[in-house]
Amino acid sequence: MVDGSLDSATVSVGNTANLGGSGDLAGAVTVTSGGNLNLQSGNTLNVGSLVLDSGSNLNTALGAALAGDPALISVAGNLTLAATSTLPISAASAPVSTTWPATAAP
């Protein structure tokens with residue numbers, strides 16, 4: 001969990017590992033296959049760039065936006081989603097799980 005800042009050039013989230021919290025990761029963040037990026041309402045994770053490798057997981061809950069709520073994640077550089085990144089989303093009334101059918105931009 002992040003609670004503050006880390007000036008490392010790279011952060012890698014490996015298989016079964018979790019990354020979440022609030023604060024700043026100045027460098028590139030890569031979530032590898034089986035790794036988890038957990039985002040929570042009320043917390044903003046600022047990253048230099050973000051790669052969600054094939055088989056990685058982005059876990060978050062979505063509901064009605066509240067005035068003044070911060071962003072869940074802020075990516076200063078590039079955001080890369082692999083074709084089989086999994087994005088489980090919990091809605092306010094019922095959980096939904098989906099796999100993003102991401103396609104590469106030309």
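Summary table below
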{"item": "Residue in segment 15-29 that is surrounded by the fewest Cβ atoms within 10 Å (Cβ to Cβ), counting only those that are closer than 20 Å to Thr80 by Cβ, among the small types (Gly, Ala, Ser) and over 12 Å from the mean Cα position of the chain (by Cα)", "result": "Ala17"}
{"item": "Looking only at segment 30-48, and only at residues there that are farther than 13 Å from Leu81 by Cβ and of a type in the set (A, V, I, L, M), the one that is surrounded by the most Cβ atoms within 10 Å (Cβ to Cβ)", "result": "Leu45"}
{"item": "Hits in segment 1-13 (condition: surrounded by fewer than 17 Cβ atoms within 10 Å (Cβ to Cβ) and within 15 Å of Asn59 (Cα to Cα))", "result": "Met1"}
{"item": "Some residue of segment 49-64 being touching a strand residue (DSSP E or B) at 6+ places or on another chain (Cβ under 8 Å), in contact (Cβ under 8 Å) with a residue 40 or more places away in the chain and crowded, with 18+ Cβ neighbours inside 10 Å", "result": "yes"}
{"item": "Failed item, numbered, when Leu72 is tested on (1) modelled with pLDDT under 90; (2) within 24 Å of Ala9 (Cα to Cα); (3) surrounded by fewer than 17 Cβ atoms within 10 Å (Cβ to Cβ); (4) not small (Gly, Ala, Ser)", "result": "(3)"}
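The values are calculated or read from the model by the stated rules, or taken from the named source; none is laboratory data. This is a predicted model, so every value here is computed, not measured. All Cβ positions, even for glycine, are placed from backbone atoms using ideal geometry, and neighbour counts span all protein chains on display.
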